[in-house]
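What follows is a short report on a single structure.
The values are calculated or read from the model by the stated rules, or taken from the named source; none is laboratory data. Not measured: the values here are computed from a predicted model. Cβ: placed from backbone, ideal geometry, glycine included. Neighbour counts: every protein chain shown. Heavy atoms of the whole protein, side chains included, go into the accessibility calculation; ligands, DNA and RNA do not. Shrake-Rupley method; radii C 1.70, N 1.55, O 1.52, S 1.80 Å.
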Amino acid sequence: MGTVVDAAAKKEANGSLADLNPTVVFVLGGPGSGKGTQCANIVQHFGYTHLSAGDLLRAEIKSGSENGTMISNMIKEGKIVPSEVTIKLLQRAMLEGGNDKFLIDGFPRNEENRAAFEDVTKIEPSFVLFFDCSEEEMERRLLGRNQGREDDNIETIRKRFKVFLESSLPVIEYYNSKGKVRKIDAGRPVEEVYESVKAIFAPKNEKVMGHCHALMKCLILFWM
C-alpha cells in the first residue's frame, strides 16, 4: 500500500516539477572553495533559491519524521544515504519554494547522484557552476575560519578533499563534455570571485547596456 502511495506521490511530484520547468544550476566546489558565500550573493542579486542537499538532510533528521529517523540511522551506521532520498527532499523543497530558479549546492556528489537526479526529475541543469580552488588555499581557509565545525582539522579536511576529487570531479567532467560547466577561479578575494559569477548570471541585455555605458563614457572623455 505504502509503495503505491509513494509511487503516486512521486508521479505527481514529477508532473508538478515538469510543469514548473525550473532553471536548475548545480553548484560544485571543494570544501572551503567559498561556494556558500557566492550562493548567498546570487540569491540576493539574481533571485535564485539556494538549496543545500546537506542542510535538507539535516533538517529532515531534526524534524523527527520517520524519514528523518531512517536517514539518521543510516548515517550512524556509516551507510550512504540513497540518492532517491536526497532527490525526494530536493523535489519537495523546489515545489514548496515558490520560485522557478534554483541553486543546488553540494549535489550531485557523484555520478550515481547525477544519473538518478536526471532520471527521477527528468530535469537537466542549465549549467554547473564550478568553484575551482587549489587544495592549499582551501586548506588555509578551513583552518583559519572560526565556525566551530568538528571536521575542520587537518586530517578530516584532507579526507574531504580526497572524497571531492574522487567523487565530484567525474560529474564536472561529464557536464564539461556537454559544454555545461562554468568554471570560476575561486582562489581570488571574494569580491573578485563575485565579479566573475555576476558575469555568468547577468542577463544578456544588462551586459550589453553595461558595454554601451562604458562606450558612452569613452566617447564623452574623447570629445572633452
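Spin-label model, Glu136 to Tyr174: label points 7 Å out along the Cα-to-beta-carbon direction sit 3.3 nm apart. Accessible surface computed residue by residue for segment 28-82, with neighbouring protein chains in place and a 1.4 Å probe, gives 53 Å² per residue. The relative contact order of segment 19-201, computed from alpha carbon pairs under 8 Å that lie at least 6 residues apart in sequence, is 34 percent. Express the carbon and sulfur contribution to the solvent-accessible surface of segment 19-201 as a percent, rounded to the nearest whole number, probe 1.4 angstrom. The computed percentage sits at 49.
The alpha carbon centroids of segment 17-76 and segment 164-191 are separated by 18 Å.
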